[in-house]
1. Out of the strands (runs of 3 or more DSSP E) lying entirely within the stretch 102-173, which hold 2 or more residues that are within 20 Å of residue 254 (Cβ to Cβ)?
2. Tell me, yes or no, whether the stretch 115-123 has at least one residue that is open to solvent by 20 Å² or more (accessible area, probe 1.4 Å) and of a type in the set (S, T, N, Q).
3. Being aliphatic (A, V, I, L, M) and modelled with pLDDT of 90 or more is the filter; apply it to the stretch 45-63 and report the residue that is nearest to residue 231 (Cα to Cα).
4. Considering only the stretch 319-355, how many residues are without any contact (Cβ under 8 Å) to a residue 12 or more places away in the chain and part of a loop (DSSP other than H, G, I, E, B)?
5. Considering the stretch 287-309 alone, what residues qualify as being part of a loop (DSSP other than H, G, I, E, B), within 20 Å of residue 618 (Cβ to Cβ) and not polar (S, T, N, Q)?
6. Considering only residues that are open to solvent by 20 Å² or more (accessible area, probe 1.4 Å) and in contact with a Leu (Cβ under 8 Å, 6 or more places away or on another chain), look in the stretch 472-511 and name the one that is farthest from residue 259 (Cα to Cα).
7. Evaluate the stretch 32-47: report whether one residue or more is assigned to a loop (DSSP other than H, G, I, E, B), among the charged types (D, E, K, R), under 17 Å from residue 101 (Cβ atoms) and in contact with a strand residue (DSSP E or B) (Cβ under 9 Å, 6 or more places away or on another chain).
8. In the stretch 362-414, which residues are within 20 Å of residue 319 (Cβ to Cβ) and either open to solvent by 50 Å² or more (accessible area, probe 1.4 Å) or charged (D, E, K, R) (or both)?
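The values are calculated or read from the model by the stated rules, or taken from the named source; none is laboratory data. Since this is a predicted model, take the numbers as computed values, not measurements. Neighbour counts are summed over all protein chains in view; Cβ atoms, including those assigned to glycine, are modelled from backbone coordinates with ideal geometry. Only protein heavy atoms, including side chains, enter the accessible area calculation; ligands, DNA and RNA are left aside. Shrake-Rupley method; radii C 1.70, N 1.55, O 1.52, S 1.80 Å.
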Amino acid sequence: MKRNLVKALLPCLALLGSAAMSQANDYTPDNVSAVIELKTPGNPSQAHKLKLVPLSDNEFDYRLESDDKLPLSVCQKIRDTKDGQILTVFITAYRDVYFHYSQEVSTPLTHTESQFYMPGFWYRRNDRSPKGAPSFRVSDSWTVREDRLSAPLTGIIDEATGQYYTVSRLDRGGHDALTTHRAGEVILSGKTSVGYTGFANAGGKAALSFGFPYSESPKTYIRKLTLDPSVKAFQYLKRGESLSLTWQLREGKVADFSEFVQRTWEYSYDTYRPRPVRTPYSVEKMKNTLSRFFTSSLVTDKPLVFNSGAHLRVDDCLPSGVAEVGFIGRVLLNAFNAWEYGWQTGRDDLKQNSQKVFDSYLANGFTPAGFFKEYVDYRNNSEDPVHSIRRQSEGVYAMLLYLNYERREGRKHPEWEARIRSMLDTLMKLQHADGSFPRKFRDDFSEVDASGGSTPSATLPLVLGYKYFKEKKYLESAKRTVDYVESEIISKADYFSSTLDANCEDKEAALAAATATYYLSLATKGKESEHYAELCRKAAYFGLSWYYVWDVPFARGQMLGDIGLKTRGWGNVSVENNHIDVFVFDFADVLRWLSKRFEEPRFEAFAKVISTSMRQLLPVEGHMCGVGKPGFYPEVVQHTNWDYGRNGKGYYNDIFAPGWTVASLWELLTPGRAEDFLLQK
């Protein structure tokens with residue numbers, strides 16, 4: 001888009017044109033709108049539409065004026081770059097004001113034919129999300145505060161043509177402010193750098209919406225499956241003070257939604273340039289501290305011996321009585337990690353504890369059908385009668401790591417081998433003709449949830465089982481899982497329902513797909529391996545899209561900000577569960593492997609960001625990070641205006657699950673497990 005054309009299109013404060021829009025000659029001033037709203041405390045705000053007045057012989061390109069006399073001035077500059085157009089708005093107050101600025105620009109795309117993208121929060125139309133979470137079923141137009149997003153960006157794409165448009169915020173402010181209300185018009189208690197972004201149906205055309213300070217409409221998402229009325233923030237600007245706001249608009253053409261996510265992530269990575277986070281915690285320090293969870297959480301007075309890592313209170317971290325094989329408990333993986341670390345460091349206490357866990361599960365940890373007792377609650381002496389392919393798979397995966405380690409050390413466990421072989425055979429009976437596995441089922445093999453969203457979790461133990469037992473049928477079953485993943489998840493760019501406490505678009509589904517194809521690529525050769533590698537790369541971009549490439553700001557008084565948390569490298573969870581966490585497990589290995597395989601340095605560089613950033617909240621004496629015991633790594637890290645039930649932005653929920661956080665970090669800090677297992681001679 002030529003500079004003079006853009007100027008003709010920007011009667012709204014500029015922020016309009018970004019990446020040259022292919023049908024720019026169809027634009028008129030009617031396609032763009034800008035509004036500044038002013039609020040007097042105790043009164044409703046007053047909205048003032050702005051019109052563009054060209055300037056000559058001036059440092060600005062335009063002055064934005066209203067028909068009303070305003071107590072501030074709004075000017076704008078436009079700068080062309082190879083990545084699009086950078087639009088900077090300057091606001092100067094003539095007297096003390098409380099203001100809110102908003103911008104909307106229509107694209108040539110028809111709203112009903114478009115798909116929408118806000119990384120780490122919105123994929124296509126969020127159609128997988130249930131009632132109570134943001135989706136098209138609630139509204140076809142949404143704006144959200146920028147700190148909800150892994151990159152402060154909105155994209156719109158017409159999949160039929162591949163044409164897309166994006167807007168991204170470029171300011172690097174580090175401020176946020178507390179408010180006393182979550183909905184309605186709110187005056188900020190101080191300065192914020194959090195704006196908003198989103199999309200709108202502008203008379204049938206898909207439009208990009210953005211502005212400052214934050215606004216959320218038509219609802220604000222405050223808690224799991226809880227939508228509140230909209231919110232609009234107003235910031236104070238003192239007489240004589242000025243501020244500037246900068247956005248970039250871009251456009252391009254891609255083959256499909258997957259390539260759109262890929263190109264947008266590459267742009268975001270290059271734009272925000274996340275760097276590793278400096279922490280004092282080496283891998284040795286991390287493991288030594290995390291190992292305190294292995295000893296402090298052990299429960300030994302029940303039929304099952306286990307590390308209590310699910311449903312603990314953050315303030316005391318006392319055992320809860322829940323033994324969970326996988327998912328948020330990760331009992332068997334923690335037992336293996338403690339076992340391996342005990343041998344490596346000469347820690348007899350860790351070895352003895354892990355032996356108790358393994359022995360108790362061998363004796364008491366199986367159902368009549370031969371599945372793991374995957375969720376036992378000793379608080380009420382109950383067992384969940386519904387099994388999940390995810391938890392069962394995670395249990396088998398952990399035990400295969402243990403058996404392989406033991407075999408290498410010259411120790412044999414025939415009873416466990418027989419159990420795991422039998423479990424693999426039993427799980428294969430659940431596999432559907434299309435290669436998928438039911439998400440949830442009962443001991444009699446009846447299906448509770450036939451959805452295939454959790455299928456890739458089964459790929460890992462099947463591939464490891466093939467390598468360990470040298471049984472080709474397990475590899476064939478694993479290939480069938482990826483046939484399903486390729487046709488129904490990766491090719492459709494529809495990553496859903498991998499996590500067990502939500503049923504929506506989620507990060508873990510993308511990571512599961514990427515990890516499953518990574519394992520199969522390692523286990524095969526030639527063109528087959530190349531095919532799985534290509535699938536892995538495609539899924540990995542969706543996984544990466546959930547990870548923050550920027551540091552969201554916190555207000556003074558919000559603990560996470562006060563202790564200096566940098567959010568880059570942390571991943572948002574799902575549309576339902578809008579917090580960040582340290583879920584990574586094998587994914588950093590996947591990124592490093594892809595980086596070498598496809599000569600893409602961004603992958604390895606971002607794996608370093610993840611690896612360093614996720615060390616920040618290690619609870620150690622003198623730096624407990626709001627957690628009751630050293631080594632009990634926090635889980636529900638609430639980084640935006642959302643909570644799981646308690647405390648809100650800048651804090652944790654009062655209940656957490658360090659079982660999986662410790663397991664995830666341990667795998668992150670133990671690189672190369674899959675390659676070591678699958679490429680061993």
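1. Details: elements: 115-118, 122-124, 142-145, 153-158, 163-169.
The qualifying strands (runs of 3 or more DSSP E) are 115-118, 122-124, 153-158, 163-169.
2. yes
3. Selected residue: 47.
4. Number satisfying all stated conditions: 1.
5. 309
6. Ranking the qualifying residues of the stretch 472-511, first place goes to 479.
7. yes
8. The answer is 364, 373, 374, 377, 379, 380, 381, 383, 384, 391.
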